[in-house]
Amino acid sequence: MTLHLYDTETREPRPFTPLVPGVASIYLCGATVQGEPHIGHVRSGVAFDVLRRWLLAQGLDVRFIRNVTDIDDKILRKAEEAGRPWWEWAATYERAFTDAYRHLNVLPPSAEPRATGHITQMVELMQRLLDAGCAYAEGGDVYFDVRGFPDYGRLSGHRLEDVHQGESAGEFKRDPRDFTLWKAEKQGEPSWPTPWGRGRPGWHLECSAMATAYLGESFDIHCGGMDLVFPHHENERAQSRGAGDGFARTWLHNGWVTMGGEKMSKSLGNVLSIPNVLTQVRPQELRYYLGSAHYRSILEYSESALQDAAAAFRKIEAFVRRVDDRVGPVGVGVWPEQFAAALDDDLGVPAALAVLHGTVTEGNRALESGDHAAAAACASSVRAMTGILGVDPLDERWSADGAGADAGPATAALDSLIVEQLEMRTRARAEKDWAVADEVRDRLAAAGIEVTDTPEGPEWALRADGTDSRGAS
Ligand SMILES: Nc1ncnc2c1ncn2[C@@H]1O[C@H](COP(=O)(O)OP(=O)(O)OP(=O)(O)O)[C@@H](O)[C@H]1O
Ligand SMILES: [Zn+2]
């Protein structure tokens, strides 16, 4: 099966065939750097990092652009309220996002253009739109004329008569459904020169100009959160197509992270910042959690779901480390065909994880029965699969910046001691020597280690509050 991706525009899964053979070009709308990132903000970065890794694994040269929106109403307002320069505000939160992506092992983009660095390209695009009769300049503002682009609404399914741009009504707008390309200079705000006067760009214009500057007039995939379908992506598409560019051939949108059934959002106050979550779980566990749902589904946050995901990751990690410890260094092997089939089906991560956990179970059984070759094969396959998902437990990245640096090896060391105890208990039980079996269990309990018998064998966990290391034997 070839990779199929669900395209928002055509509303169906479509086979992925790169425009230029051997090269995949992807644009992801990045952050508006106005505040500390919450876990909802980075979901798109994580979800489409899996896409990128999967395309890289097919041998494609992946050009992945994720922009930074560093000029925006909210940035200006918040910086002013704090009495700080707007550019310092933007730079501060750009670093916060960069840190979050790095902690989560999201590959750095091929380029990360800032809006303020691409004003020239935006002016050129506006000129082309004016020449094509899709835009008008009035009083220093420049607007897109939606009636001048008959295909408007195709991406989101909006009918022209129902369009509400959700932006303040520009003084010179000829039709309320038109949207702003460029805003005339306001007193005290940053501005750049254009043939129509000084001002600053509208958000939609930025992405069209940057995507085209780096990826060309046509490119393969445009990604972003589902709330960007309208108006942001509808407007990006209108601008670029209106100017005569092919623009994105496929559109992918990820679902929200929700909390209490509502979009995690600063204005609702139901947000969890990345540093906050990283006090509860390690970065690799958070990455596993954020990437574990299908990218198009809602990910409803709960502490127990986060802890369950962390425990599931630790099970994978404990297995790989145990093989590394007992059998020898685990290399990166090959993934099973079902894993590839799952990802080829619109990045079906949940089905891919089922294959991954099946391999861990099989590997644990092999290790228990002394079949080291089979265990090693499973472990190397597990590394291959987790590598695609960005959560390879042995990836040096996890200890590179000290984030959770000691937890992995400590878990592994503890695991190897506990596993010996559990094996002694399993043998005692097989011989119906209940006294020895109970003694082992009591000894572990006294050390704060809880043992649970599961169909896949005994599992252990540190008692405490459930946030500690766990493993399976
Ligand atoms: N809960 C979420 N789940 C997934 N993506 C999100 C979530 N919240 C925001 N995003 C993404 O992050 C980007 C910025 O979104 P937005 O400014 O709406 O979020 P916010 O910072 O929580 O602000 P607000 O409170 O105004 O909603 C968008 O691309 C959006 O798709
Ligand atoms: Zn964008």
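The values are calculated or read from the model by the stated rules, or taken from the named source; none is laboratory data. Please read all numbers here as calculations on a predicted model, not as lab measurements. Positions of Cβ are generated from backbone atoms using ideal geometry, with glycine treated the same way; all protein chains shown enter the neighbour counts.
Taken together, the criteria place Trp251 among residues that are within 16 Å of ligand 1 (Cβ to nearest atom) and surrounded by 18 or more Cβ atoms within 10 Å (Cβ to Cβ). One residue is enough: does the range 258-276 have a residue meeting the conditions within 16 Å of ligand 2 (Cβ to nearest atom) and under 18 Å from Gly30 (Cβ atoms)? Scanning the range 258-276 turns up no residue that is within 16 Å of ligand 2 (Cβ to nearest atom) and under 18 Å from Gly30 (Cβ atoms).
Can Pro18 be described as surrounded by fewer than 21 Cβ atoms within 10 Å (Cβ to Cβ) and either under 19 Å from Ile388 (Cβ atoms) or within 16 Å of ligand 2 (Cβ to nearest atom) (or both)?
Numbers: surrounded by fewer than 21 Cβ atoms within 10 Å (Cβ to Cβ): yes; either under 19 Å from Ile388 (Cβ atoms) or within 16 Å of ligand 2 (Cβ to nearest atom) (or both): yes.
So Pro18 fits the description; yes.
In this structure, is Thr2 surrounded by fewer than 20 Cβ atoms within 10 Å (Cβ to Cβ), on the phi < 0 side of the Ramachandran plot, touching a helix residue (DSSP H, G or I) at 6+ places or on another chain (Cβ under 7 Å) and outside any strand (DSSP E or B)? For Thr2, the condition - surrounded by fewer than 20 Cβ atoms within 10 Å (Cβ to Cβ), on the phi < 0 side of the Ramachandran plot, touching a helix residue (DSSP H, G or I) at 6+ places or on another chain (Cβ under 7 Å) and outside any strand (DSSP E or B) - is met. Each residue in the range 239-251 was checked for being within 13 Å of ligand 2 (Cβ to nearest atom) and either touching a His at 6+ places or on another chain (Cβ under 9 Å) or basic (Lys, Arg) (or both), and 4 of them qualify. From the residues in the range 33-53 that are surrounded by fewer than 22 Cβ atoms within 10 Å (Cβ to Cβ) and more than 13 Å from the chain's Cα centre (by Cα), which one is nearest to ligand 2 (Cβ to nearest atom)? By that ranking, first place goes to Gln34.
The C-beta contact set for the range 25-36 (first residue in a loop (DSSP other than H, G, I, E, B), second residue at pLDDT below 95 and near ligand 2 (Cβ under 10 Å from one of its atoms), distance under 6 angstrom, 6+ apart or interchain) is empty.
Yes/no matrix, rows are residues, columns are (1) modelled with pLDDT of 95 or more; (2) exposed (fewer than 12 other Cβ atoms within 10 Å of the Cβ); (3) within 18 Å of Arg241 (Cβ to Cβ):
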residue	(1), (2), (3)
Gly148	no, no, yes
Gly153	yes, no, yes
Ser156	yes, no, yes
Leu160	no, no, yes
Ser168	no, yes, no
Phe172	no, no, no
Glu185	yes, no, no
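For the range 393-408, the candidate set comprises residues that are at pLDDT 95 or above and surrounded by fewer than 23 Cβ atoms within 10 Å (Cβ to Cβ); within that set, the residue that is farthest from Gly59 (Cα to Cα) is Leu394.
Applying a threshold of 8 Å to beta carbon distances and a minimum spacing of six or more residues, or different chains, the list of pairs starting in the range 117-139 at a residue that is under 17 Å from Gly197 (Cα atoms) and without any contact (Cβ under 8 Å) to a residue 40 or more places away in the chain and ending at one that is among the small types (Gly, Ala, Ser) and crowded, with 18+ Cβ neighbours inside 10 Å reads Leu130/Ala137. All conditions in (1) charged (D, E, K, R); (2) under 21 Å from Arg249 (Cα atoms); (3) more than 13 Å from ligand 1 (Cβ to nearest atom) hold for Arg66, with the sole exception of (3). The numbered conditions (1) farther than 26 Å from Ala24 by Cα; (2) among the β-branched types (Val, Ile, Thr); (3) within 16 Å of ligand 2 (Cβ to nearest atom) are all true for Thr69 except (1). Is it the case, given these coordinates, that Trp89 is touching a helix residue (DSSP H, G or I) at 6+ places or on another chain (Cβ under 6 Å), aromatic (Phe, Trp, Tyr), away from ligand 2 (no atom under 16 Å from the Cβ) and more than 24 Å from Leu5 (Cα to Cα)? Here the answer is yes, as Trp89 does meet what is asked. Here Val382, Val332, Val355 are screened, and the one residue that is surrounded by fewer than 23 Cβ atoms within 10 Å (Cβ to Cβ) and in contact (Cβ under 8 Å) with a residue 40 or more places away in the chain is Val332. Close contacts from the range 253-279, counting a first residue that is free of Cβ contacts under 8 Å to residues at least 12 places away in the same chain and a second that is near ligand 1 (Cβ under 6 Å from one of its atoms) and of a type in the set (A, V, I, L, M), with Cβ to Cβ under 7 Å and a gap of 6+ residues or different chains, come to Asn270/Met264. For the range 256-285, the set of residues classified as touching a helix residue (DSSP H, G or I) at 6+ places or on another chain (Cβ under 6 Å) and either part of a strand (DSSP E or B) or within 9 Å of ligand 1 (Cβ to nearest atom) (or both) consists of Val257 only.
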